[in-house]
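Accompanying notes for the structure given below.
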Amino acid sequence: MVLGYTLLLQGTLALDRRRIHPALVAGLLALLGAAWFLAGAGWEGVFWNHIGSLPIAVICGLTALALSRSRATRGLRSRPIAIAVFVCHSAFYAVRALVMPFVAARYGDSLLPIAGKLTMYEAVLFIVAMSMSFLALVREEERARLLAASRTDFLTGLSNRQGFFELGPERLSRAGKSASHALLAFDLDHFKAINDRYGHEAGDSVLKLFASIAGETAGPAALGVRLGGEEFAILLPETGVEAARSVGEGIARRFAAEVARSDGLAIVSTVSIGLAESGAGDADLAELLAAADRALYRAKELGRNRVEIAGPKSKRSVQRTALGAIKA
């Protein structure tokens with residue numbers, strides 16, 4: 001029985017790729033076996049009715065704790081139910097181990113058969129509830145994993161277009177209503193020439209390098225996306241135009257430097273950037289992306305390897321800004 005509960009604890013830990021050391025399990029079972037052997041026939045009833053319940057109560061409590069701290073199940077609706085199932089089961093066996101000996105000593109052993117029947121009924125309820133809650137957890141976790149995969153670009157690990165339009169509004173909704181937001185649109189300059197000259201494997205490496213640099217430079221609060229091909233975007237919640245421009249220029253400089261390193265890809269590559277800013281409390285993601293796209297194409301028309309800033313929303317144009325070319 002203890003081994004079975006230990007396997008449940010191990011299954012819970014495995015959700016986060018953790019495990020119980022086998023030596024710990026072997027030591028626990030050896031300790032229980034030695035205690036049973038040393039207790040002898042005279043203590044068989046006490047051991048079965050009371051002492052043997054203690055490790056089950058402890059293991060179930062640890063399982064509930066592991067579920068409450070699990071990252072894999074965070075946010076899943078079934079987790080509180082699974083935690084409650086193990087907490088109740090742990091409490092039941094704790095009562096058997098710590099309270100029932102005093103109750104039996106005071107009122108006699110006639111209560112032990114009643115406790116045994118209650119244990120049997122509770123065990124059936126626990127098995128059903130535990131199995132259903134674990135099944136629900138696994139199904140929800142798998143559904144969440146598939147949803148995350150559908151929102152993620154396979155090559156770069158950034159969000160794809162679907163993920164951008166699903167997660168972007170959530171990021172913006174968590175920001176202050178009076179805050180303005182910025183969006184950077186990127187296009188790798190002459191990327192087709194890189195594929196033609198160095199091959200698609202080198203082109204994929206360039207894309208992955210840019211995605212890594214963009215994500216690290218923009219920070220965890222930003223939402224990076226690969227819109228398709230060599231086009232990327234970064235949503236910067238609660239960020240003004242000057243701070244966003246600094247982020248974009250930093251990404252461009254670092255990318256140009258690292259992609260050209262002789263011990264790396266040794267490829268000359270630059271990036272053009274369009275920047276758009278939403279007004280305070282006015283953040284339509286589609287319009288923001290469209291404005292950044294217009295600024296991006298303006299940057300390409302003006303010679304590439306530069307940042308252009310979109311004009312105010314009311315003008316729906318691109319504002320010429322004296323930023324200068326970005327030097328690698």
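The values are calculated or read from the model by the stated rules, or taken from the named source; none is laboratory data. Predicted model, so just to flag it, every value in this text is computed and none were measured. For neighbour counting, all protein chains shown are included, and Cβ atoms are generated from backbone atoms with ideal geometry for every residue, glycine included. Surface areas here come from the heavy atoms of the whole protein model, side chains and all, with no ligands, DNA or RNA. Shrake-Rupley method; radii C 1.70, N 1.55, O 1.52, S 1.80 Å.
Just going by the charge dipole of the chain, with Lys and Arg at +1 and Asp and Glu at -1 on Cβ, which of ILE234, LEU188, VAL138 is farthest out on the positive end?
Sorting the options by dipole projection puts first ILE234.
Please build a GNM for the chain, connecting alpha carbons under 10 Å apart, and tell me which residue among LEU172, LEU289, LEU112 fluctuates the most.
Of LEU172, LEU289, LEU112, the Gaussian network model singles out LEU112 as fluctuating most.
Would you work out what percent of the accessible area of the stretch 126-252, with all protein chains in place, is carbon or sulfur (probe 1.4 Å)?
56
Using 7 Å Cα-to-Cβ label points, what is the LEU112/SER212 separation (nm, one decimal)?
Placing both labels 7 Å along Cα→Cβ, they lie 6.6 nm apart.
Among (i) 35, 21, 20; (ii) 62, 22, 14; (iii) 34, 25, 19, which is the computed semi-axes √(5λ) of the Cα gyration tensor in Å?
Matching entry in (i) 35, 21, 20; (ii) 62, 22, 14; (iii) 34, 25, 19: (ii).
Amide H of LEU227: which non-local residues (sequence gap of 5 or more, or other chain) have their own amide H closer than 5 Å, using H built in the peptide plane?
Residues meeting the criterion, in which the H sits 1.01 Å from N, are PHE232, ALA233.
Would you compute, for the Cα atoms of the stretch 108-216, the largest minus smallest coordinate along each principal axis and list the three values in descending order, in whole Å?
Principal extents (largest minus smallest coordinate, Cα): 88, 44, 21 Å.
Would you please give the residues with an amide H less than 5 Å from that of ILE267, counting only those at least 5 places away or on a separate chain, with H modeled from the backbone geometry?
ALA260, ARG261
Can you give the Rg to Rh ratio of the stretch 181-234, both from alpha-carbon atoms, with Rh computed by the Kirkwood formula?
1.01
Quick one: among LEU24, LEU167, LEU98, which has the greatest mean-square fluctuation in a GNM of the chain with alpha-carbon springs under 10 angstrom?
The residue with the greatest mean-square fluctuation here is LEU24.
Where does each of 28-37, 268-277 land if you order them by average Cβ count within 10 Å, highest first?
Peptide ranking by packing, descending: 268-277, 28-37.
For the stretch 43-199, how big is the tail of P(r) above 25 Å, as a whole percent of Cα pairs?
In whole percent, the share of Cα-Cα pairs in the stretch 43-199 beyond 25 Å is 58.
Using mean Cβ contacts within 10 Å as the protection proxy, how do 243-253, 196-206 order, highest first?
So the order, starting with the most tightly packed, is 243-253, 196-206.
For the stretch 1-131, what is the largest minus smallest coordinate of the Cα atoms on each principal axis, given in angstrom and ordered from greatest to least?
For the stretch 1-131, the Cα extents along the three principal axes come out at 47, 31, 20 Å.
Where the only charges are on Cβ atoms (+1 Lys, Arg; -1 Asp, Glu), what is the dipole of the chain about its Cα centre, to the nearest 20 debye?
Roughly 280 debye, rounded to the nearest 20.
Taking a probe of 1.4 Å, how large is the accessible area per residue of the stretch 1-128, in Å²?
Each residue of the stretch 1-128 exposes 62 Å² on average to a 1.4 Å probe.
What number of lysine-lysine pairs in the chain show an alpha-carbon separation below 29 angstrom, given a sequence spacing of 8 or more or placement on distinct chains?
Going through the chain pair by pair, I get 10.
Quick one: Cα centre-to-centre distance for the stretch 1-74 and the stretch 130-187, in angstrom?
Distance between centres, Cα-based: 37 Å.
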